[in-house]
Amino acid sequence: MVGALAPSRYPPAAAGVWRVPTEESPLVVVPTKFRSKDKLVQDPADLRPILQGLQAQGKTVVLSNGVFDILHVGHLRALEDARSRADFLVVALNSDKSVEKNKGRGRPLVPLEERMELMAGFWFVNYVTSFEDETADGILELLRPDLYAKGTDYTLKTLPEKDTVKAIGAKAVFVGDKKDHSTAKLIQSIRRRKLS
């Protein structure tokens, strides 16, 4: 624990975090190895007890979801805004099958496993999981976050999951800046350009 220097609290040097300071060797903090893949939770049911534990400690959890096929600045701004409203941010990505149902043939461009790993690379994202349904109702019922974050292109009236949000006692928040960015626009822009 940083700041508490009681000798009885020092783990052995082999733990890779602290070493008892001596005159010859001052206190050294060694960063623990943390990989973005450690944030991935393949089965969302495994995430529920973790979130329950956090909420029992008084922590707030915000859930955001989406395709996140080609990441752009709009995604970044929305997710940073979502995280600023809670202690922990969970991002649930649509499975490849649900993306194809929602967005059409040829999507997603990036497979689910890679989209999840990219999302986990953001420092402010705490957990990443996925879901199969066309809407997030099922994952909301399972995870029961305190807040449900969607982009500013939604309102409470147009939010497909509004009834579920109300039923689980969560609050819908609309995050990010004005919807000026989209993956569809980015794909169209790429197709219009002649890249040599």
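The values are calculated or read from the model by the stated rules, or taken from the named source; none is laboratory data. Only a predicted model underlies this, so the values are computations on that prediction, with no experimental measurement involved. Cβ sites come from the backbone with ideal geometry, for glycine too, and all protein chains shown count toward neighbours.
A few remarks follow.
- Scanning segment 94-111 for residues that are among the charged types (D, E, K, R) and not in a loop (DSSP other than H, G, I, E, B) yields Asp96, Lys97, Glu100, Lys101, Lys103.
- Selected residue (criterion: nearest to Asp87 (Cα to Cα)) from residues of segment 112-124 that are in contact with a helix residue (DSSP H, G or I) (Cβ under 6 Å, 6 or more places away or on another chain) and assigned to a loop (DSSP other than H, G, I, E, B): Phe124
- Within segment 132-196, helices (runs of 4 or more DSSP H) holding 3 or more residues that are modelled with pLDDT of 90 or more and touching a helix residue (DSSP H, G or I) at 6+ places or on another chain (Cβ under 9 Å): 137-143, 162-167
- Flag if Lys59 is at pLDDT below 95, in the same structural domain as Val173 (by TED's automatic domain parsing), charged (D, E, K, R) and within 30 Å of Asp177 (Cα to Cα): no
- Scanning segment 52-84 for residues being farther than 15 Å from Val128 by Cα and among the small types (Gly, Ala, Ser) gives a total of 6.
- Residues located in segment 46-86, provided they are surrounded by 15 or more Cβ atoms within 10 Å (Cβ to Cβ), small (Gly, Ala, Ser) and assigned to a helix (DSSP H, G or I): Gly74, Ala78, Ala82
- Within segment 161-180, residues that are under 14 Å from Asn65 (Cβ atoms) and in the same structural domain as Arg144 (by TED's automatic domain parsing) have Cβ atoms under 6 Å from residues that are in a helix (DSSP H, G or I) and of a type outside the set (D, E, K, R) in these pairs: Glu161/Leu140; Thr164/Leu140; Ala172/Val165; Val175/Ala78; Val175/Ala82; Gly176/Ala78, counting only partners at least 6 apart in sequence or on another chain.
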